[in-house]
């Protein structure tokens with residue numbers, strides 16, 4: 001009887017493997033995974049050199065893994081198992097019913113190590129420099145993580161960076177504002193970044209530091225453009241434990257209008273940009289609805305009754321923040337060093353602007369290679 005059971009088990013296993021191999025090999029291949037928000041590996045081109053040194057086998061393995069039949073369902077199942085076996089930590093993300101929180105310590109250098117880059121910029125700049133380091137959701141909600149997950153807190157990292165920055169750089173405390181409002185919907189449940197409302201709460205302080213009265217909350221009309229957003233932490237876990245997020249658009253319809261929005265794409269070609277590109281809601285990167293697909297430079301002109309010009313140097317945290325600035329400046333230039341192919345001097349002369357605002361998530365501020373483009 002045992003031998004019969006063993007043979008049946010072996011046969012079923014072989015059939016199972018054969019069916020999934022056939023489905024994987026002949027199934028429709030996709031170039032991009034919406035759930036994981038990343039491109040999928042393509043079938044390798046056979047080259048003699050790569051075939052003999054094993055690179056073809058590695059590429060084929062990646063291709064089969066990315067296109068395995070029912071991959072998304074298997075990943076969801078894997079997440080459920082990992083959650084039960086590893087204190088709810090899945091791929092470095094803490095999974096709870098309320099939210100997903102990054103529990104992985106960054107391998108990059110500490111943010112304080114980048115202080116000299118910003119000081120160098122300020123020394124060679126004629127205007128006023130303002131700096132806002134923004135905590136990720138882990139910095140505000142990290143107290144729910146298991147006690148054995150240790151490392152410098154984001155609050156500590158921001159404090160050390162601010163202490164190291166020259167006194168001529170005006171530092172803006174976003175951490176304590178957000179920590180105080182943590183019971184509000186200021187961060188997405190499935191992403192490291194803040195919501196538009198979280199950005200607005202910090203905007204009020206930032207714009208006052210820049211010498212301008214903020215626009216009152218009740219002046220904005222708020223449109224819920226989707227209630228099905230799942231962000232970068234979902235891409236890493238495929239966990240739908242927390243409910244999907246809402247994305248909002250804040251617009252001051254009685255105020256200044258955008259008269260021109262031109263972007264310089266990664267290939268160097270100028271194109272028309274959008275402050276809110278709702279077509280991006282149909283892609284795997286729904287957050288890029290704010291300002292559109294990442295580009296090195298965006299130049300915005302408005303009908304605001306002022307001659308003030310602002311330079312914003314930022315990462316993706318600023319994408320939902322920039323729209324709040326439109327009422328206060330006739331011209332705003334937005335630079336993203338993470339997608340610039342060279343130094344900033346190839347794109348803009350900072351001294352054409354009276355004020356420069358640095359706004360970065362704390363998780364970006366240890367990347368010296370990216371930040372060094374600011375002073376090149």
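The values are calculated or read from the model by the stated rules, or taken from the named source; none is laboratory data. Just so you know, these numbers come straight off a predicted model, no measurement behind them. For neighbour counting, all protein chains shown are included, and Cβ atoms are generated from backbone atoms with ideal geometry for every residue, glycine included.
I need a count of the residues in region 149-204 that are at pLDDT 95 or above, under 27 Å from residue 244 (Cα atoms) and part of a helix (DSSP H, G or I). The number of residues fulfilling the criteria is 14.
Looking only at residues of region 342-376 that are under 19 Å from the mean Cα position of the chain (by Cα) and surrounded by fewer than 19 Cβ atoms within 10 Å (Cβ to Cβ), we find that the one that is nearest to residue 250 (Cα to Cα) is 367. Among the residues of region 251-295, just one is crowded, with 18+ Cβ neighbours inside 10 Å and more than 30 Å from residue 228 (Cβ to Cβ), namely 264.
Counting the residues of region 240-255 that are more than 18 Å from the chain's Cα centre (by Cα) and within 20 Å of residue 102 (Cα to Cα) gives 4.
When you check residue 253 against the structure, is it assigned to a loop (DSSP other than H, G, I, E, B), farther than 30 Å from residue 92 by Cα and touching a strand residue (DSSP E or B) at 6+ places or on another chain (Cβ under 8 Å), yes or no?
On the way: assigned to a loop (DSSP other than H, G, I, E, B): yes; farther than 30 Å from residue 92 by Cα: yes; touching a strand residue (DSSP E or B) at 6+ places or on another chain (Cβ under 8 Å): yes.
For residue 253, the condition - assigned to a loop (DSSP other than H, G, I, E, B), farther than 30 Å from residue 92 by Cα and touching a strand residue (DSSP E or B) at 6+ places or on another chain (Cβ under 8 Å) - is met.
State whether one or more residues within region 185-195 are surrounded by fewer than 21 Cβ atoms within 10 Å (Cβ to Cβ) and within 22 Å of residue 249 (Cβ to Cβ). Yes, because at least one residue in region 185-195 is surrounded by fewer than 21 Cβ atoms within 10 Å (Cβ to Cβ) and within 22 Å of residue 249 (Cβ to Cβ). Among the numbered conditions (1) surrounded by fewer than 18 Cβ atoms within 10 Å (Cβ to Cβ); (2) without any contact (Cβ under 8 Å) to a residue 24 or more places away in the chain, the only one that residue 309 does not meet is (2). Given the criteria assigned to a helix (DSSP H, G or I) and either at negative phi or exposed (fewer than 15 other Cβ atoms within 10 Å of the Cβ) (or both), does residue 228 qualify? When the stated conditions are applied, residue 228 does not pass them.
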